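Down below is the structure, laid out as structure tokens.
Please treat every number below as a calculation from the coordinates, not as lab data. Just so we're clear, the structure is a prediction, and the values are computed from it rather than from any experiment. For neighbour counting, all protein chains shown are included, and Cβ atoms are generated from backbone atoms with ideal geometry for every residue, glycine included.
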Amino acid sequence: MTAVTVVAVGIALVFFATLAFAPGQRESQTPIFTLYAPPVPTMARPTFNTQPVPDRTLVLSEEDAVQTFRITSSGQTGLVKNDAIATTYRLRATGDLVTVAPLSQSEALPYPSPARGDAPLRVRGRAANWIVTDNGVRAIRWIENDMVFEMSSRTLSVAQLADLANKLR
């Protein structure tokens, strides 16, 4: 009985294979099995950000200042390469130290609003805010290309910081 079953299954397979793969007009043949499935939705194509990468490399020119110190997000300090999150400069004219740091908007805490009667501060054509801390550090912040930049010094005034920030390139 097992031999008869095996032979019958073999004949059936040969018959269906002959029907499916026999040479001839394919369009006139009907398929043996047709599986209907709903169309599979395709994944959306990836969209690429075509906006330029924000410029995080505003630096003072070599004629105005010398880089003295950098610190990276991984904690490296000294004169490290371009992945610095803060760069300290020594001004050639006066010897004062100035620190420039780019921050993302999510990292930057807002400075308090200027007092009434204070003149508005503009840096690189944008509105800027400033603060003078209890220990004498003066700092200015402005937003440029979706980045917040901060420049600070212990010895320079807010107006001098704004003039120096306008020299950043």
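The residues neighbouring Pro112, those whose beta-carbon lies less than 12 Å from its own, together hold a net charge of 0 under the Lys/Arg +1, Asp/Glu -1 convention. Put simply, when 61-71, 93-103 are sorted by average Cβ atoms within 10 angstrom per residue, most first, you get 93-103, 61-71. The listed peptides 4-12, 136-144, 122-130, ordered by packing as a protection proxy, come out as 136-144, 122-130, 4-12 (highest mean of other Cβ atoms within 10 Å first). Within the set of other residues whose C-beta is less than 12 Å from the C-beta of Ala127, count the net charge using Lys and Arg as +1 and Asp and Glu as -1. It works out to a net charge of +3. Maximal additional length on extending the Arg90-Asp64 stretch stands at 8.5 nm, based on 0.36 nm per residue less the C-alpha distance.
Once the Cβ-Cβ distance of Lys167 and Glu107 is raised to the sixth power relative to R0 = 25 Å, the FRET efficiency obtained is 0.55. If you sort the three axes of the alpha carbon gyration tensor as a ≥ b ≥ c, you get a/c under 1.5 for the range 104-169, which makes it rounded.
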